[in-house]
Structure formats: structure tokens, C-alpha cells
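Heads up, the thing below is written out as C-alpha cells.
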Amino acid sequence: MIKDKDILHKLLDGEGSPEERKKSESQVQADPALRKEYEDLARSLRTVKEGGRVPAPAFFTAEVMSKLPPRRVSYGERVREFFFRGRILRWNLASGLAAVGVVIITAALMLRLYNKPVETSSAHLQGESVIIVRLNFYAPQAARVAVAGDFNKWNVSANILSKKNGGIWTTELPLKPGVYTYMFIVDGKTWVTDPRAETYRDDGFGYNNSVLRIKT
Amino acid sequence: MTKRMTTTLSSLAAAAVVTFAVAAWAAAGETGGKTLDEARLAVEKSSLTKDTKREILTKADRAVKAGVPSEDAVIIIDRGLKHGADGKSIAGFLETAATVKERDLPMRPVLDRIEQGLSKGVPAERILSAARGLAEKLATARPIVNDLVRSGVQPVPGGGHDDAIETVARALEKSIPGNAIMRTGEKVKEQKGSISLFAKAVDTMATFAASGMATDRASRLVQAALDKGYSERDLEKMEKTLFDDLKKGRSMDEVAEGMENRMNRNDLHEGRGRIGGDQMRGPGAGMGGPRR
């Protein structure tokens, strides 16, 4: 029986030499049951060929696998598999664009929330809500100059000035319109009022803070 | 809901969470990022006594519950410990901030004074005294400002009311009498000015007094300026003139007399409706800025 099936498959697949094929055909014609089976198989083959190739869906394998009955595994194995199993991320252009949109909107909201200013190189009045103010301080002997004020909660490390030619130290601060008080700190210990400030305000401790007024 | 929709929504939610977390982390990094829990840990690790540690932590919780930003509570604790402030004072700072907030007074000036004092290395007990003093003055200032608004001084949108309370408190600290402040308010009302003009006028009075001018003279000068219809910009110009003259080595009497003379000549007055840059009066006036 197995030998008969073998003959049929060889004939249908076009295998073997011409003599062998001729011999096999004679055998099939001689046996009515074998002939019927051969004809059925040949018809099926023709139907398949006429139908053409249908491409498998993109996630055919994954879907087939997901429909297979679950394998009995221990809890530990399941945990391990959950963390280390390879996953197929399904996506399409619409969901990809939507994700990009969510990322952009969330980032924009966060930037707005924390009001991160855009730095520019000019000294005054850039943009509507944040203005870049350049502070200069002359201290040729200083090794380090910082500025602290109510705009940075008097943090002596937040805004360090950079040294330019001729002993001038400079920094740029992005600030909203308003009135600010500040002082320079030289070498981390000496608090100095800005001699170039237009007005001053006492700080309640015997120092004079410099006043910076930023108008819209 | 189909499986595909579920997957898409999950992806979107995951993307949003990841972005939010990254942005929040980045923002925390920008502000120093120290949390209240880290500050609590620093208190626990400090050499303070157990009772003092507990007191600081209790006051910190109270302050944050009252509405003091946790960032400020962290700064006070962190800076206090770093500068060697005693535990009682640190607890006192937090309690003062909490009390101010609970009384619905502007808390920013008090927080600013504490944070500034700690940064500048002012002794803790002096900072505490100054912060408590300011809190009392803020409480005294509020009814003065409220009465003015009720009596017809124009309110302004935004933080104008709190600014006025803060400047009145500052003026009271400089020993400017309450009746002089109220008289200034009446002048503003007569000129149909806003609470913002009132705040600027009181601010100028306080600045003059803090620079060494007698308080009655400072009040008279500013009230005379209001009588002449001076704007906020004009009052600012008066302050600049004062400091320019002082930088030139003039005595306060000379400065005050010079200012009175200029006011009589209308030199410092641009008018309320005028919009534009400061007008240059020539080198003698010491106003600086471009000549127009």
C-alpha cells in the first residue's frame, strides 16, 4: 500500500526516469482503485494550481501559535517567559503617527509646564514671555563669580558667570517680566552688589540687593 | 474592543507614560531634583538630637500640607543643615512659612528672606527673627491694602494685590508710619490710580527710607510726586536719580533737595499716559541711557 502511494506521488511530482514513469503508469492503469486515487489527487493538484498563491496574513504564524492550547508550565517558568519571551510589536502607520503625536504633545506640555526658555545670544527683549538678560561684572582678580537672586532661590551654584577678556564676567538669564533682586558671589564667599544696577533694595540683613526690572 | 485597538491604545499609553517620565526626570534634574524624602533622610542622618529631628520633620510636613511648595521646604532644610543652622531654627523657618500660608498671606517674601539669609550665611536666629518680623508686617499690611481696594483704588489683574501687601510690609519694616502709607493710598485714589501705582509709591518710599532718607521726608516726596500725577515709571526714575546721586558722593540731604528742585521744575515727570523709553535729561541728571 505504501509502495502504491509512493508510485502515485512520484507520478504526480514528475519524478523518476521515463522508463520508470511508463512502468508506474501501467501499474496505475491496471489497478482501478489506484487509478481512482491518482485521478482524485491529480484533480486536487490542478485545482490548487488554478487557484493561484494566496499570501498568508502578516501575523498568521503568531495567530496560529496564540490559538494553540496552552502548554502546562510552572509559575516560575511563566514568570521567566513573561520577561524573556520575544514579542512581536504590531503596528501600522496610523498608530505610529498617533504615538508620535502623543510624544510631541506630551513633550510640549512638559516644556510649557516647566517653561524652559530658548536661549538667544542677544542681551534684551527676545520673545514675549521670557527675556534674556545679560549680566556683566568686572572682577579681574576673581577665580569664580556666580549670581544668586530670587529668580534662582538664592542658589549660589545655579548661575556661574563665564570670564571674558579684560576681567569681565558675564552670564545670560532667561527671565519673565517682573522685578528681581540679586547679588554676585565672588570666589564662593564674598557677596557683592552690582555697581551697575539702576536701583537697589535692602535685603533685611544689612546688605543692598541689586534690583533688575524687566518690562514687557 | 478589538485586540488590535487594545494593542494600539496600550502602545499610546506606554508612549505617553515613557515621555512624561523622561520629561519629568529631565525637569527634576534642572531644578536640582532633591525630593522631600531625600531632605528627610538628610535630617535623619544629621547630628541633631532625636527630638529636634522629629520637630523639623513635623514642621516640614505641616508646611507642605499648608501649601508651601515642597521645593522650598527642601531648600530650607538642605541649606539650613549645610550652613550649620541649629535644628530649632530650621523648624522655626518651616513653621513661619506654614503660618504665613495658613493665614493666606503672601508667602513668597518670607520664603525669599529665609532662603536668601541662609545662602548669605546670616546667623540662623537673625534670619528667624527677620522672617517672623516680616510675617507680622505682612499681617498688618493686608487690611491697609484691602481697605484701599474697598475705598476705590483700582485693583489690577495678577499678583498686584500681593505685591502691594509685600511693599507695605517692607515700608512698615523701614518704620514708615501706617498713616503715611494710608495717606499715600488716598493720593493714589485722588489720582484715580491703580493698586499697582500705590505699590510702586510705597516701594519708592521704602527705598528712600532704606537708603537713609528720613521717613517723613520720603513720604512727603512721594506724596508730592503723586500730587503732580507721577506715573510708576516716574517713581522709578526718582529712585534711579537717588542712587545715581548717591554714587556721585552726594549726601542724602543734597540728594533730597535736588530731587525736590527737579520735581518743582517737572524734570522727573513724563506723565502717566506716556509710553516709551526713559527720557535722557543730560549728564547732570545722571539718568544714563541713550540720548534721544
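The values are calculated or read from the model by the stated rules, or taken from the named source; none is laboratory data. This structure is a prediction, so every number in the text was calculated from the model and none was measured. Every residue, glycine among them, receives a Cβ derived from its backbone with ideal geometry; neighbour counts consider all protein chains shown. Accessible surface is based on the protein model in full, side chains and every heavy atom, while ligands, DNA and RNA are left aside. Shrake-Rupley method; radii C 1.70, N 1.55, O 1.52, S 1.80 Å.
Tabulated data for the structure shown
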read-out	value
Boolean, residue B:186 is more than 10 Å from chain A (Cβ to nearest Cβ), free of Cβ contacts under 8 Å to residues at least 40 places away in the same chain, farther than 26 Å from residue B:89 by Cβ and open to solvent by 50 Å² or more (accessible area, probe 1.4 Å)	yes
Residues of region A:57-80 satisfying the condition of being open to solvent by less than 70 Å² (accessible area, probe 1.4 Å) and either assigned to a loop (DSSP other than H, G, I, E, B) or at pLDDT below 80 (or both)	A:59, A:62, A:64, A:73, A:74
Residue A:158 vs. criteria of a type outside the set (Val, Ile, Thr), modelled with pLDDT of 95 or more and touching a helix residue (DSSP H, G or I) at 6+ places or on another chain (Cβ under 8 Å)	no
Single match in B:95, B:102, B:115 (criterion: open to solvent by 10 Å² or more (accessible area, probe 1.4 Å) and either among the basic types (Lys, Arg) or in contact with a Lys or Arg (Cβ under 8 Å, 6 or more places away or on another chain) (or both))	B:95
Those residues of region B:122-142 which are closer than 23 Å to residue A:191 by Cβ and either in contact with an Asp or Glu (Cβ under 9 Å, 6 or more places away or on another chain) or open to solvent by less than 60 Å² (accessible area, probe 1.4 Å) (or both), in sequence order	B:122, B:124, B:125, B:127, B:128, B:130, B:131, B:133, B:134
Qualifying residues in region A:81-132 (those that are on the phi > 0 side of the Ramachandran plot and open to solvent by less than 90 Å² (accessible area, probe 1.4 Å)) - the one modelled with the highest pLDDT	A:115
Scope region B:46-81; condition of a type in the set (D, E, K, R) and over 23 Å from residue A:152 (Cα atoms); matching residues	B:50, B:51, B:53, B:54, B:55, B:59, B:61, B:62, B:65
The listed residue being open to solvent by less than 10 Å² (accessible area, probe 1.4 Å), of a type in the set (A, V, I, L, M, F, W, C) and more than 25 Å from residue A:181 (Cβ to Cβ), out of B:263, B:238	B:263
Region B:143-171 - residue that is part of a helix (DSSP H, G or I) and open to solvent by 70 Å² or more (accessible area, probe 1.4 Å) and, of those, nearest to the other protein chains (Cβ to nearest Cβ)	B:163
Strands (runs of 3 or more DSSP E) enclosed by region A:159-216 - at least 2 residues per element that are within 12 Å of chain B (Cβ to nearest Cβ) and within 18 Å of residue A:132 (Cα to Cα)	A:178-186, A:208-214
